[in-house]
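The values are calculated or read from the model by the stated rules, or taken from the named source; none is laboratory data. Keep in mind that what you see is a predicted model, and the values were worked out from it rather than measured. Quick reminder, even Gly has a Cβ in these numbers, built from the backbone with ideal geometry, and neighbours come from all protein chains shown. In case anyone asks, the SASA skips ligands and DNA or RNA and just uses the protein heavy atoms, side chains included. Shrake-Rupley method; radii C 1.70, N 1.55, O 1.52, S 1.80 Å.
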2 protein chains.
Amino acid sequence: MFGVEDKSYPIELVADFLGVNSRTLYYYEKFKLVCPMRRGKKRYYSKADIEWLEFVRDLMYREGMNLKSITLLIRRRDQVVLSKCPEDVLDSFKNYLVKVEKNLEEEEDEE
Amino acid sequence: MFGVEDKSYPIELVADFLGVNSRTLYYYEKFKLVCPMRRGKKRYYSKADIEWLEFVRDLMYREGMNLKSITLLIRRRDQVVLSKCPEDVLDSFKNYLVKVEKNLEEEEDEE
DNA sequence: AAACTTTTTCGCTTAGAGTGAAAATAAATT
DNA sequence: AATTTATTTTCACTCTAAGCGAAAAAGTTT
């Protein structure tokens, strides 16, 4: 996919690979759809991050979903849609999902 | 909910009840989100139609989902989201869903 | 067929998603 | 540490989806 294991990649490279603008990735981050590792201010995307973003991108571009729908499915741990995401990617994203859910419970508490 | 069993209601009344414009209901129909019975050209919404529309409206207004996402979940018979819809409403909507899926398979064939 | 409804079409508005360009900040290099 | 280079952030703009107002067209009713 991008060569070596456990490497991480700068935003511009990832954006190119995904075929989106880097500003789009910043935008997704605001919606907690991704959370790249940071050294200082600079972002580093892992392989799992990138595959996750591919998955998100497809939901948006291929299927026409919007951001809110995707975050809703994440929060409800939706099987039907999320299961289309590669097992290992979802695994490595799980910790992050938990973190996100906790934050969401604090901010707004419905459900 | 609206009184008597097995009755049906004209679009303006339903729109009022749901708190949306009747044009919105025509709009949803284009996206195959609802399919009211028709006598001639005139539409008649059943109780199940109305409850289904309430469900859809909440997904859109409360959760911020878009139409494409909802139709995707329907096509994938998504449990997590669709299960929030009353059993009986979903039941009476099932025949319609099957019909919708068949049409979709003819038009575009992916999946 | 006149009066009244419902449907359809056209065009406008608002908000979400995405991006370009430049300003601000950080990182790297000499 | 000062200059160059890269990244982040902000601002403003575009494009499309969702929704609705108003009027024209088609249907119903009496």
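One table, with the values for the structure above:
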quantity: Solvent exposure of the stretch A:1-93 as accessible area per residue, Å², 1.4 Å probe; calculated: 54 Å²
quantity: Cβ-defined net charge surrounding B:PHE93, 10 Å radius [Lys, Arg +1; Asp, Glu -1]; calculated: -3
quantity: Unit charges at the beta carbon, dipole of the protein assembly as shown: most positive-side option, B:LEU97, A:ILE70, A:TYR28; calculated: A:TYR28
quantity: Trypsin sites (Lys or Arg not before Pro) within the stretch B:10-111, DSSP loop, no more than 14 other Cβ atoms inside 10 Å; calculated: B:LYS41, B:ARG62, B:ARG77, B:LYS84
quantity: Neighbour net charge for B:TYR44 - beta-carbon separation under 10 angstrom, K R +1, D E -1; calculated: +4
quantity: 7 Å along Cα→Cβ, label-point gaps from B:ARG39 to other copies, nm, shortest first; calculated: 7.4
quantity: Computed magnitude of the charge dipole of the protein assembly as shown (debye, nearest 20; Cβ of K, R +1, Cβ of D, E -1); calculated: 700 debye
quantity: Only Lys, Arg (+1) and Asp, Glu (-1) charged, at Cβ; chain B dipole about Cα centre in debye; calculated: 480 debye
quantity: Size of charge dipole - the stretch A:43-83 - debye, nearest 20, with Cβ of Lys, Arg +1 and Asp, Glu -1, no other charges; calculated: 200 debye
quantity: Chain A: calculated mean residue ellipticity at 222 nm from DSSP helix runs of at least 4, using -39500 (n - 2.57); calculated: -18000 deg cm²/dmol
quantity: Evaluated over the protein assembly as shown, the Cα radius of gyration and Dmax, each in Å; calculated: 20.6, 67
quantity: Long-range HN-HN contacts of B:TYR9 with modeled amide H, under 5 Å; calculated: B:TYR45, B:SER46
quantity: Other-copy label distances relative to B:GLU101, 7 angstrom Cα-Cβ extension, nm; calculated: 2.8
quantity: Kirkwood Rh in Å, taken over chain B so that all alpha-carbon pairs contribute; calculated: 14.6 Å
quantity: Complex-versus-alone comparison for the stretch A:65-85, residues with a loss of 50 Å² or more in accessible area, probe 1.4 Å; calculated: A:LEU72, A:ARG76, A:VAL80
quantity: Shortest-first nm distances, A:SER22 label point to equivalent points in other copies (7 Å, Cα→Cβ); calculated: 5.4
quantity: Within-15-Å neighbourhood charge of B:PRO10 [Cβ basis; K, R +1; D, E -1]; calculated: +4
